[in-house]
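Asker: Just dropping this structure here.
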Amino acid sequence: MIVYPNAKINLGLNVVERRPDGYHNLETVFYPVNLQDALELKTIETDIQECGYKLKVSGSILDGSPEDNLVVKAYKLIRKDYDFPAQKIHLYKHIPVGAGLGGGSSDAASMIKMLNEKFALGLTNEAMENYAVQIGADCPFFISNKPVFATGIGDKFTPIELDLKGKTLILVKPDIFVSTKDAYALVEPKHPEKSLLESLSKPISTWRDNVINDFEKSVFVKYPEIAAIKDRLYDLGAVYASMSGSGSAVYGIFDSPIEYADEIFSGYFCRQREL
């Protein structure tokens, strides 16, 4: 059984306040995009010690041990409550890591959905989301995988009607790692002057001045190369461009495909997709 976990982008991101527990409340819109990993499960006839799985990762290199992989965490979370045969897990990484695209969370959510389907566990979407939130705040988004207005620490979702079909997305990631912890430490929480949902309800041509990612201010100062990518996307005719999440990926939304985008952003991870 094989599935293709997809990435997401953030449309706007307002860090509205610091919480007593040290986390931050935010407002953003998660929007799914067609940039995918691949995740495959195969049943193993004999159990593998007590762990019940064997993990193979290919494609992009991931740091850390298998125990730290979110796919494994999701697998073990479900296997703790349900009995099914040991599995060989093959994860092919294509979505860049540390990019603000939610690739790891998407992989984990896909694992939960795969196990539910493969072994007929009968989990509802709500039940799968309850498992997913134990992996990460944005992980439940990928269960339903539809545009949502996210609040709280990015774990409270309200479905919204937002359709960018027919637009073209160019996604660019430089070889820069932006620490989420550092990004939050440098941002100044404040309630936005304009409602994000109201701004997004207006024509996309108006988003440039009204749909803001609060992380850009401090991240761009520290990493001007990321700011330059955003400027270049606008130079190419993007109707809207932004950093996704706390970075370092930047995307531009265009009315039509751009020729030679991969050459223009040579040296970077660059993908062009229809939305």
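The values are calculated or read from the model by the stated rules, or taken from the named source; none is laboratory data. None of the values given here were measured: they were computed from a predicted structure. Virtual Cβ from ideal backbone geometry, glycine too; neighbours counted across all protein chains shown. Side chains included, ligands, DNA and RNA excluded: accessible areas come from the protein's heavy atoms. Shrake-Rupley method; radii C 1.70, N 1.55, O 1.52, S 1.80 Å.
Asker: Once each part is reduced to its C-alpha centroid, what is the distance from the range 151-184 to the range 248-265 in angstrom?
Answerer: Between the Cα centres of the range 151-184 and the range 248-265 lies a distance of 17 Å.
Asker: Further question: Please identify, among 83, 255, 214, the residue showing maximal mean-square fluctuation in a Gaussian network model of the chain using a 10 angstrom Cα cutoff.
Answerer: Checking each option, the largest mean-square fluctuation is seen for 83.
Asker: Picking from 269, 207, 92, whose Cα lies most toward the positive end of the charge dipole for the chain (charges on Cβ: Lys, Arg +1; Asp, Glu -1)?
Answerer: My answer, from the dipole projection, is 92.
Asker: Let me have the relative contact order for the range 121-275, percent, based on Cα pairs under 8 Å that are six or more residues apart.
Answerer: Rounded, it is 29 percent for the range 121-275.
Asker: Enumerate the amide H contacts of residue 154 below 5 Å, restricted to partners 5 or more residues apart or on another chain; note that Pro and chain-start residues carry no placed amide H.
Answerer: 26
Asker: Kindly report the accessible area of the range 199-262 per residue (heavy atoms of protein chains, probe 1.4 Å, no ligands, DNA or RNA), in Å².
Answerer: Accessible surface, normalised per residue, equals 45 Å².
Asker: Moving on to the next point. May I ask you to give the percent of accessible area on the chain that is carbon plus sulfur, with a probe radius of 1.4 Å?
Answerer: 49
Asker: Pairs of alpha-carbon atoms within less than 8 angstrom and 6+ residues apart define the contacts here; what relative contact order does the range 1-130 have, in percent? Before the final figure, lay out the partial values.
Answerer: On the way: 211 pairs, mean separation 39.1, N = 130.
Relative contact order for the range 1-130 comes out at 30 percent.
Asker: Per residue, how large is the accessible surface of the range 107-160? Use a 1.4 angstrom probe and give square angstrom.
Answerer: On the way: 2250 Å² over 54 residues.
That works out to 42 Å² for each residue.
Asker: Quick one: if the Förster radius is 22 Å, what FRET efficiency do residue 125 and residue 62 give, using the C-beta to C-beta distance and rounding to 0.05?
Answerer: 0.20
Asker: In whole angstrom, how long is each semi-axis of the equivalent ellipsoid of the chain, when you take the square root of 5 times every eigenvalue of its Cα gyration tensor and sort them from largest down?
Answerer: Details: eigenvalues 212, 88, 62 Å².
Output for the chain: semi-axes of 33, 21, 18 Å.
Asker: Follow-up question, since we're still on this one. Give the longest segment of the chain that steers clear of trypsin sites (Lys or Arg not before Pro) in DSSP loops with at most 12 neighbouring Cβ atoms within 10 Å, not counting the sites themselves. Please list the in-between numbers first.
Answerer: Working: sites that count: 80, 165, 190.
That would be 191-275.
Asker: Any chance you could run the full-extension gain for residue 195 through residue 1? It's 0.36 nm times the residue separation minus the Cα-Cα distance, nm to one decimal.
Answerer: Values: separation 194, 0.36 × 194 = 69.84 nm, distance 4.26 nm.
The span from residue 195 to residue 1 would gain 65.6 nm if fully extended.
Asker: What's the FRET efficiency of residue 262 with residue 177 using the Cβ-Cβ distance as r and R₀ = 25 Å, to the nearest 0.05?
Answerer: Values: r = 22 Å, r/R0 = 0.89.
The computed FRET efficiency comes out at 0.65.
Asker: Can you give me the Cα centroid spacing of the range 4-19 and the range 94-138 in angstrom?
Answerer: 16
Asker: For the range 122-230, what is the charge dipole size about the Cα centre, in debye to the nearest 20, if Lys and Arg each add +1 at the Cβ and Asp and Glu each add -1 at the Cβ?
Answerer: Dipole about the Cα centre, nearest 20: 280 debye.
Asker: Explain nothing, just the number: dipole magnitude of the chain about its Cα centre with +1 on each Lys and Arg Cβ and -1 on each Asp and Glu Cβ, in debye rounded to the nearest 20.
Answerer: Dipole size: approximately 140 debye.
Asker: Another question, then. Run the numbers on the chain and let me know its relative contact order in percent, using alpha-carbon pairs under 8 Å that are six or more apart.
Answerer: Numbers: 553 pairs, mean separation 64.2, N = 275.
23 percent.
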